[in-house]
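Student: For reference, the structure I am asking about is given below.
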Amino acid sequence: MFLATRIFKEFYQSEKSGGLILLACTCLSLILANSDIGGPYMHVWHVNVGGMSVEHWINDALMAVFFLLIGLELEREVYVGELSNIKNALLPMAAALGGMCVPAGIYVLFNHGMPTQTGTGIPTATDIAFALGILSLLGNRVPPALKIFLTALAVADDLGAIIIISLFYTQTLVLSNLLIALGIFVVLLALNRLKVYSLIPYLIGGIVMWYFMHLSGVHATITGVLLAFAVPFERKEGKSPSYVLQHYLHYPVAFFVLPLFALANTAIPFESKWSEIVSEPLGLGISMGLIIGKPVGITTFAYLAVRLGLCRLPRLVNRYHILGIGFLGGIGFTMSIFITMLAFNDPIMINNAKLAVLLSSCIAAAIGFTLLNFTLKRYYVR
């Protein structure tokens with residue numbers, strides 16, 4: 001239990017700090033993109049390096065490291081965390097399911113039969129770093145159970161986003177390369193079963209698996225999650241390669257990978273008016289999905305799970321807190337922008353979708369923070 005608590009605290013601390021840095025990098029990138037040096041600044045991210053642009057290296061390679069960290073956290077949750085007990089796991093899992101299905105349904109309602117329908121996955125994701133960063137601003141008034149609920153919800157949510165990416169955003173499939181990548185994954189699983197605890201063969205195998213996954217047409221970031229579940233997990237801190245790797249990845253991901261992703265992917269020129277963007281089907285689907293669909297889906301599914309007796313609300317957590325967390329779940333940002341890059345090829349469509357994600361995420365964050373700030377006044381948990 002001590003190990004689980006320590007790992008969770010490390011994850012929470014790095015993610016909340018990373019969320020604030022992510023916000024600063026986003027603001028900086030938007031300012032630079034719309035300044036006199038906007039052209040050269042945006043060109044930097046499209047410079048070709050080793051056959052891919054800098055932006056693609058960030059989105060395909062560095063983000064695989066981000067997904068590796070998410071996968072390690074998911075593994076921890078499954079073995080010793082909130083998801084290790086089926087009764088405890090059902091609440092965040094039900095909430096995550098609602099937080100994906102309802103926004104997706106709202107998006108399709110506005111974009112059915114249009115070229116923009118491929119963006120259905122955009123409002124289904126939650127940005128862990130941003131959401132925890134906003135929650136951390138409320139200080140020690142936040143019950144620990146609420147922090148754990150948001151973390152488990154966001155991790156389950158991102159797992160859903162990963163499944164969506166792998167199933168619906170693979171344009172071409174080279175089966176031979178995919179089989180090689182999966183074969184490497186099987187070898188790594190065998191090393192796990194043989195109790196090979198050195199991280200070196202897993203990291204080397206992960207790099208090779210990433211290469212063939214990239215060539216297969218399946219988005220290479222999926223490699224990060226597969227590698228996470230191949231790395232051995234032990235409850236004893238000193239014997240857990242999963243814990244060691246997660247510990248070393250916290251700060252590089254929070255203070256390098258995600259800020260770099262923000263700088264590269266939010267270099268957006270304001271060529272359209274906000275009112276025009278959010279009034280189009282694409283903008284409406286994203287904004288309504290994140291601002292309304294997320295809190296409605298998360299709160300409704302969590303309420304139904306409790307009412308059906310499948311689970312119960314944690315101590316010091318009530319339905320208003322769940323609604324507040326639902327709005328924080330509407331902070332799509334990193335994951336929503338990531339799916340946007342996979343969903344569309346048209347630069348104008350991509351820019352409009354990114355702007356809609358940014359605006360909607362800010363509104364959802366403001367509402368969630370305000371609601372929680374009001375409803376948590378009576379609690380002072382240390």
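The values are calculated or read from the model by the stated rules, or taken from the named source; none is laboratory data. This structure is a prediction, so every number in the text was calculated from the model and none was measured. Positions of Cβ are generated from backbone atoms using ideal geometry, with glycine treated the same way; all protein chains shown enter the neighbour counts. To get the accessible areas, we keep the full protein, side chains included, count just its heavy atoms, and leave off ligands, DNA and RNA. Shrake-Rupley method; radii C 1.70, N 1.55, O 1.52, S 1.80 Å.
Student: Cα gyration tensor of segment 235-333, axes a ≥ b ≥ c as square roots of the eigenvalues: rounded (a/c below 1.5), prolate (a/b > b/c) or oblate?
Tutor: Verdict is oblate for segment 235-333.
Student: While we're on this one: Probe of 1.4 angstrom, ligands and nucleic acids ignored: what's the accessible area per residue over the chain, in square angstrom?
Tutor: 43 Å²
Student: Right, another one. K147 accessible area, nearest 10 Å², 1.4 Å probe?
Tutor: Rounded to the nearest 10, the figure is 50 Å².
Student: Continuing with this model, one more query. Tell me, what ³J(HN,Hα) does each residue in segment 27-43 have, in order and in whole Hz, if you take phi through Karplus 6.51 cos²θ - 1.76 cosθ + 1.60 with θ = phi - 60° and put x for Gly and Pro?
Tutor: For segment 27-43, the Karplus-derived couplings read 4, 4, 5, 5, 5, 5, 5, 10, 9, 5, 9, x, x, x, 4, 6, 5 Hz, x marking Gly and Pro.
Student: I would also like to ask the following. Roughly how many whole Å is it from the C-alpha centroid of segment 142-197 to that of segment 33-88?
Tutor: 14 Å
Student: If you don't mind, there's one more thing I want to ask. Relative contact order of segment 224-350, please, whole-number percent, based on alpha carbon pairs below 8 angstrom and at least 6 residues apart.
Tutor: 19 percent
Student: A further question follows. Using only protein heavy atoms and a 1.4 Å probe, report how much of C27 is accessible, in Å² to the nearest 10.
Tutor: In the full protein context, C27 sits at about 70 Å².
Student: Over the chain, what relative contact order in percent results from Cα pairs under 8 Å that are six or more residues apart?
Tutor: For the chain, the relative contact order is 31 percent.
Student: Now a separate question. Label-point separation (nm) for V187 and M114, each offset 7 Å from Cα along Cα-to-Cβ?
Tutor: Placing both labels 7 Å along Cα→Cβ, they lie 4.8 nm apart.
Student: Continuing with this model, one more query. Could you go through segment 321-330 in sequence order and give the Karplus-derived ³J(HN,Hα) for each residue, using 6.51 cos²θ - 1.76 cosθ + 1.60 with θ = phi - 60°, rounded to whole Hz, and x for Gly and Pro?
Tutor: Calculated HN-Hα couplings, in order: 5, 4, 5, x, 5, x, 5, 4, x, x Hz.
Student: Across the chain, how many lysine pairs, 8 or more positions apart or on different chains, have C-alpha atoms separated by under 21 Å? Please give the number.
Tutor: Lysine pairs meeting the criterion: 13.
Student: OK, next. I'd like the carbon and sulfur percentage of the solvent accessible area for the chain, probe radius 1.4 Å, heavy atoms only, ligands and nucleic acids excluded.
Tutor: Carbon and sulfur together cover 69 percent of it.
Student: Let me ask something else about it. Write down Rg/Rh for segment 53-170, rounded to two decimals, with Rg from the C-alpha atoms and Rh from the Kirkwood relation over Cα pairs.
Tutor: 1.01
Student: Another question about this same structure. Shape verdict for segment 106-229, please, from the Cα gyration tensor: rounded (a/c under 1.5), prolate (a/b greater than b/c) or oblate.
Tutor: It comes out oblate by the Cα gyration axes.
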